[in-house]
């Protein structure tokens, strides 16, 4: 199963034939068509259901929901600004960490590693994606967070404190920074394995040609491999972004449930998906439930837009 | 004007000057990408070893077979294993036929450049991109906000369906065209050729895809939190239609959210069971794929 194909879907390989055929043909074709239509109906249903459940909140708060920072049931006031900010910050930070690492891994697997190593390390990297997010979140809060609080936050503050992004170390280690680290672990296998397949697809004539002209490994990578695969890598990164935006539990466990917008990455924050996960079991009023659906609607729109853009880029510029 | 250094044919062949700089840059980049791969493998090894060591300490036969204590104190995870298996199995029963049928439609039936096929392909892409917590909220609305194990199965089916459809499509596309032409030449109906020739040939790959999708769904927690959060873990529940069913991912989530130290040590055991099942499924799927590829001569 080539992962490359997952961002470059091919058109049907078979020319259409005429179906004046038997009843069996009609039945099987009908079943297949029915399954396809069911999928499309479900998609429409998702949009309808989320909007319908969000509509009381939409009509009460309107677009002000996006900019308001309070989430307080006792005052009947809900706003998503803190969560939108947290989602953006953690996703971007996770991408900043994951992208260079993933490209490094992909280059290693596609160009540097000896064949036996590649056959072992490749699947291991992909297996990173199989770790359930709740297990990763659990390890994040039990093992990573204390470690970061003890050994990472202090140095970060003293080296990068002047940027205002890394404030004084705090005790628990649950923060937007920790959540981003966990997210990057979840993104790396996606971006790395897609990029590796792309790098492997670069025609060897091009690479050999560059080497024959005296290019070093790095010059082959910079001059041939990266330029020919750039759009594919960008779309792989966007698929990773889609994953990061929608991740709920691992983030909910490690981000700390902050309620204010804070530039300091070592402070707790919150994301939209994490907020839904934290609140859904404690919902007290209908308005809060509707507001959670409003959050889900924003998440859905952003997530689908990211995903489709990624696939559009891949389709538009490949081939 | 300085003299050119005299050419010395006996000098050793070492890079100097600009070439040396270029080689150093190249070496540094290679070292960095080596380190990146090391980090990824290191993280996986760390997670697996951590879960293994801490999990084995609590793992025992009775831990796997007995139910949790009446008031959430200690005990085993038997009911959650059964519950998780039921939820995932029902989800797979829904998703696998639908996914394979979608793939058959897209590869075998849809006319080339048919708008419906394009819409369906995009739709499957979209479904795969849905945040799973949104899927949970959607099903929550569909089942009129009543929790049950079956609602969770529906959500997991939505997680699995696009994955199964995609891998099945890929497998069907790799089947040699000559096979289809041969059945056509024999005058066999299309449905017969699909059911008796094409699907059996593709079976290995389709099963692999299904196993990977099931492994993915088994660890999915966010929709369960919404749809199957209320259960009594001290009690084995088989009726997934009427009740919340105990399940493994949520036991981890609940303890992680605010468990006592004793609870936390139990969680490592649950994590070990869950991670172990998922990794074993992954590895066996890969082995199966390699074998079916070899059989198809690819």
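Brief remarks on what is shown
- The value of relative contact order for segment A:42-317, using C-alpha pairs under 8 Å at least six residues apart, is 29 percent.
- For chain B, the square roots a ≥ b ≥ c of the C-alpha gyration tensor eigenvalues yield an a/c of 1.5 or more together with a/b not exceeding b/c, which makes the shape oblate.
- Sequence of A:157, B:235 once ranked by neighbouring C-beta atoms within 10 Å, starting from the fewest: B:235, A:157
- Fraction of C-alpha pairs exceeding 38 angstrom in the protein assembly as shown: 36 percent, rounded to a whole number.
- Computed FRET value (nearest 0.05) for residue A:163 with residue A:281, which takes r as the C-beta separation and R₀ as 35 Å: 0.40
- Highest-fluctuation residue, A:72, A:252, A:88 considered, GNM on chain A with Cα pairs under 10 Å: A:72
- Across chain B, the relative contact order, built from alpha-carbon pairs under 8 Å that are at least six residues apart, equals 26 percent.
- Gain on full extension, evaluated as 0.36 nm per residue between residue A:201 and residue A:75 minus their Cα-Cα distance, stands at 39.6 nm.
- With a Förster radius of 41 Å applied to the C-beta separation of residue B:119 and residue B:293, the computed FRET efficiency comes to 0.85.
- Projecting label points 7 angstrom from Cα along Cα→Cβ for residue A:59 and residue A:213 puts them 6.6 nm apart.
- Folded to 0 to 90 degrees: helix B:78-104 orientation relative to chain B principal axis, Cα: 60 degrees
- Shape class for chain A: oblate, because the ratio a/c of the largest to smallest gyration tensor axis (alpha-carbon atoms, square roots of eigenvalues) is 1.5 or more and b/c is at least a/b.
- Sorting B:179-189, B:281-291, B:153-163, A:218-228 by their mean Cβ neighbour count within 10 Å, with the most densely packed peptide first, gives B:153-163, A:218-228, B:281-291, B:179-189.
- Shape category assigned to segment A:202-319 from the gyration tensor of Cα positions, a/c cut at 1.5: prolate
- Computed label-point distance, nm, for sites residue B:46 and residue A:312 using a 7 Å Cα→Cβ extension: 3.8 nm
- Of B:34, B:191, B:61, the one that fluctuates the most in a GNM where chain B has Cα springs shorter than 10 Å: B:34
- Estimated FRET transfer efficiency (residue B:241, residue A:47; beta-carbon r; R0 30 Å; 0.05): 0.65
- Residue order, fewest to most beta carbons within 10 Å, for B:220, B:50, A:153: B:50, A:153, B:220
- Simple spin-label estimate for residue A:151 and residue B:32 in nanometres, 7 Å along Cα-Cβ: 2.4 nm
- Between 0 and 90°, nearest 10: helix B:132-142 axis offset from chain B longest Cα axis: 30 degrees
- To the nearest ten degrees, helix B:248-258 and the longest principal axis of the Cα atoms of chain B are 90 degrees apart.
- Residue order, fewest to most beta carbons within 10 Å, for A:108, A:85, A:48, A:282: A:282, A:48, A:85, A:108
Here, each number is a calculation from the coordinates, and none is a lab measurement. This is a predicted model, so every value here is computed, not measured. We place every Cβ from the backbone using ideal geometry, glycine too, and count neighbours over all the protein chains shown.
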